[in-house]
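> Please find one structure pasted underneath; my questions will follow.
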Amino acid sequence: TILFREGDAGNEMFVIQAGHLRITRHVANGEKVLATLGPGEFVGEMAILNAKPRTATATVTDDGPAKVLAIDAKRFEHMIAHNREIVFRLIKRLAARLDSADALIEILMHKDPKARLVRALARYAESFGEPREGGVRVALTAEELAEQVNVDLDQTHDVLSRLRRVRVISIDEQDGTLLVHDLDRLFDFLEFLEMPQKFGGETSA
């Protein structure tokens, strides 16, 4: 289910109460996943704040139905004018998204595709991961992760297979999303990948 499309007029924002929304944007070679948002997150506020068309598409993910609370522009303005806590939460969320965008730019500037993949996976686990028994669920498939950081799919599967063999991650057989079992070991793996570059060499990890 598509909640709204890029380019649509926007007079509502949405608070996610259950389920997940995948936020995508059209680029030259197709669709690019910007984020996957879950309960407690909000989406669509920019169209209200700047009175411009939607800048991205919001789609319910494959892991189940979503429940959202729709807030129109008039009610949103009233909430901001009369509730400081809502204003504070909005500013915090927007700041977090700006930090996330900056982090993605830094990742994309990294020359080593394997390091880009692991960095992106770690970032998603830290920023958007859902605590689950045995780890943190990242609502991205291997294909979406590869697209996110512009890495060949075969190379993506190779890196993820290595992480699975050392039991740092696993992949959900039903929807293909990733479960990070040990974030510390994931960062250790990233450090191992980046270590040779500090000395001008390459790694075969």
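The values are calculated or read from the model by the stated rules, or taken from the named source; none is laboratory data. Note that this is a predicted model, so its numbers are computed, not measured. Note that each Cβ is placed from the backbone with ideal geometry, even for glycine, and that neighbours are counted across all protein chains shown. When the accessible area is computed, the model is the full protein with side chains, heavy atoms only, and any ligands, DNA or RNA have been set aside. Shrake-Rupley method; radii C 1.70, N 1.55, O 1.52, S 1.80 Å.
> Helix 183-198 versus the longest principal axis of the chain: what is the Cα-based angle in degrees, 0 to 90, to the nearest 10?
The angle comes out near 60 degrees.
> With a probe of 1.4 Å, find how much accessible area region 1-126 has per residue, and write the answer as a whole number in Å².
58 Å²
> Show that you can apply the helix-only estimate: for the chain, add -39,500 (n - 2.57) for every DSSP H stretch of four or more residues, divide by all residues, and state [θ] at 222 nm to the nearest 500.
-14500 deg cm²/dmol
> Which three lengths, in whole Å and largest first, does the chain cover when its Cα atoms are put on their principal axes?
57, 34, 34
> What's the longest piece of the chain with no exposed trypsin sites (Lys or Arg not before Pro), counting a site as exposed if DSSP puts it in a loop and it has at most 12 other beta carbons within 10 Å?
Details: sites that count: LYS111, ARG167.
Result, exposed sites excluded: 1-110.
> Related question: Using Cα springs under 10 Å in a Gaussian network model of the chain, which residue among MET13, MET109, MET46 shows the largest mean-square fluctuation?
Answer for the Gaussian network model of the chain: MET109.
> Over all pairs of distinct alpha carbons, what does the Kirkwood formula give as the hydrodynamic radius of region 64-142, in Å?
For region 64-142, inverting the mean 1/r across all distinct Cα pairs yields 15.5 Å.
> Leaving out same-chain residues fewer than 8 places away, which lysines sit with a Cα under 23 Å from that of LYS111?
Straight-line reach from LYS111, under 23 Å: LYS32, LYS198.
> Here's another thing I want to ask about it. At a 1.4 Å probe, what is the % contribution of carbon and sulfur to the accessible area of region 1-130?
Result for region 1-130: 55 percent of the exposed heavy-atom area is carbon or sulfur.
> Check each of the GluC sites (Glu not before Pro) in region 82-141 and keep only those in coil by DSSP with at most 11 other C-beta atoms within 10 angstrom; list them in order.
GLU133
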